[in-house]
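Enquirer: One structure is given below, represented as structure tokens, and several questions about it will come after.
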Amino acid sequence: MLRVLKNSSFYFFNSLLPLFFSLISFPIITRYLSTSDYGLIGIISTYASVIGIFTTFQLGASLPRLKHDYGNDQLASLFSTIIFSIIILISLCFIFIFIFRYEIVNLLNLEHYEHVSTLLCISVGTMLINQLCSACNFFLMAFEEGFKILLRSVVVIPINLALTITLIAF
């Protein structure tokens, strides 16, 4: 029972950590963005999130079930297969976006913005990091390692925030 409470508290703080960083970064981001830039970042982030769902098929979410079905012995090889699959799928998405960048910009009706294709590529990089972190979270959840999930978040969220600031500065 104590282990469940301890891991639950780590999961709770892990869910609060992105909110905390968002609260800190919001004044910084709004200082540098105009209303239209903020909307552009919102549009690109939304499309990247949707693309992330469809390109990776949420493979990382299968890890707790795979641990139950196959045990600890085969989970490491299944985890590496899922990580490799996520990297391949998002790389294909990146190549697709790079090849059809002008068509995508026209489809989104964003021709008047400069560097939209670069913003799309940066957001795909952010999506890759988010999907890999999500798979790692599910892997650690399968082993009930709440503290390691919290430590991973403490490292990855500032990296993600730095990518966001790069996206804004560009």
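The values are calculated or read from the model by the stated rules, or taken from the named source; none is laboratory data. As the structure is a prediction and not an experimental result, all values here were calculated from the model. Because the Cβ atoms are built from the backbone with ideal geometry, glycine has one as well, and the counts that use them run over all protein chains shown. Note: accessible area is taken over every heavy atom of the protein model, side chains too, but ligands, DNA and RNA are not part of it. Shrake-Rupley method; radii C 1.70, N 1.55, O 1.52, S 1.80 Å.
Enquirer: When the residues of segment 92-130 are narrowed to those that are of a type in the set (Gly, Ala, Ser) and in contact (Cβ under 8 Å) with a residue 24 or more places away in the chain, which ends up farthest from Thr35 (Cα to Cα)? Lay out the reasoning, then the answer.
Expert: In the first step, residues of segment 92-130 are kept if they are of a type in the set (Gly, Ala, Ser); the result is 117, 123, 125.
The next check asks that each one be in contact (Cβ under 8 Å) with a residue 24 or more places away in the chain; those that pass are 123, 125.
On the way: Ser123: 19, Gly125: 24 Å.
Taking the candidates together, the pick is Gly125.
Enquirer: Considering every residue within segment 131-149, establish whether at least one is among the β-branched types (Val, Ile, Thr), open to solvent by less than 70 Å² (accessible area, probe 1.4 Å) and more than 20 Å from Phe13 (Cα to Cα).
Expert: no
Enquirer: Ok, one more. Restrict the check to segment 81-103 and report whether at least one residue is among the hydrophobic types (A, V, I, L, M, F, W, C), at pLDDT below 85, open to solvent by less than 50 Å² (accessible area, probe 1.4 Å) and under 14 Å from Cys136 (Cβ atoms).
Expert: no
Enquirer: Where residues in segment 157-167 are buried (at least 18 other Cβ atoms within 10 Å of the Cβ) and of a type in the set (A, V, I, L, M, F, W, C), which of them is modelled with the highest pLDDT?
Expert: Per the stated criteria, the residue is Ile157.
Enquirer: Still on this structure, I have one more. On the given criteria, is Phe10 assigned to a helix (DSSP H, G or I), in contact (Cβ under 8 Å) with a residue 60 or more places away in the chain and under 17 Å from the mean Cα position of the chain (by Cα)? Reasoning before the result, please.
Expert: Working: assigned to a helix (DSSP H, G or I): yes; in contact (Cβ under 8 Å) with a residue 60 or more places away in the chain: yes; under 17 Å from the mean Cα position of the chain (by Cα): no.
Answer is no for this residue.
Enquirer: Right, another one. Looking only at residues in segment 30-48 that are open to solvent by 70 Å² or more (accessible area, probe 1.4 Å) and in contact (Cβ under 8 Å) with a residue 12 or more places away in the chain, which one is farthest from the chain's Cα centre (by Cα)?
Expert: Among residues in segment 30-48 that are open to solvent by 70 Å² or more (accessible area, probe 1.4 Å) and in contact (Cβ under 8 Å) with a residue 12 or more places away in the chain, the one farthest from the chain's Cα centre (by Cα) is Tyr32.
Enquirer: Now for a separate question. Starting from segment 53-75, take each residue that is more than 29 Å from Val124 (Cβ to Cβ) and list its partners that are part of a helix (DSSP H, G or I) and open to solvent by less than 80 Å² (accessible area, probe 1.4 Å), counting only C-beta distances under 6 angstrom and pairs at least six apart or across chains.
Expert: Lys67/Leu75; Lys67/Ala142
Enquirer: Considering each residue of segment 17-29, count those that are surrounded by 12 or more Cβ atoms within 10 Å (Cβ to Cβ), out of contact with any Ser or Thr (no Cβ under 8 Å at 6 or more places or on another chain) and modelled with pLDDT of 80 or more, and give that number. Even if it seems obvious, please write down each step before you answer.
Expert: Let us first name the residues in segment 17-29 that are surrounded by 12 or more Cβ atoms within 10 Å (Cβ to Cβ), namely 17-18, 21-22, 25, 28-29.
Now drop any that are not out of contact with any Ser or Thr (no Cβ under 8 Å at 6 or more places or on another chain), which leaves 21-22, 28.
From the residues that got through so far, the ones that are modelled with pLDDT of 80 or more too are 21-22.
Counting residues in segment 17-29 that are surrounded by 12 or more Cβ atoms within 10 Å (Cβ to Cβ), out of contact with any Ser or Thr (no Cβ under 8 Å at 6 or more places or on another chain) and modelled with pLDDT of 80 or more gives 2.
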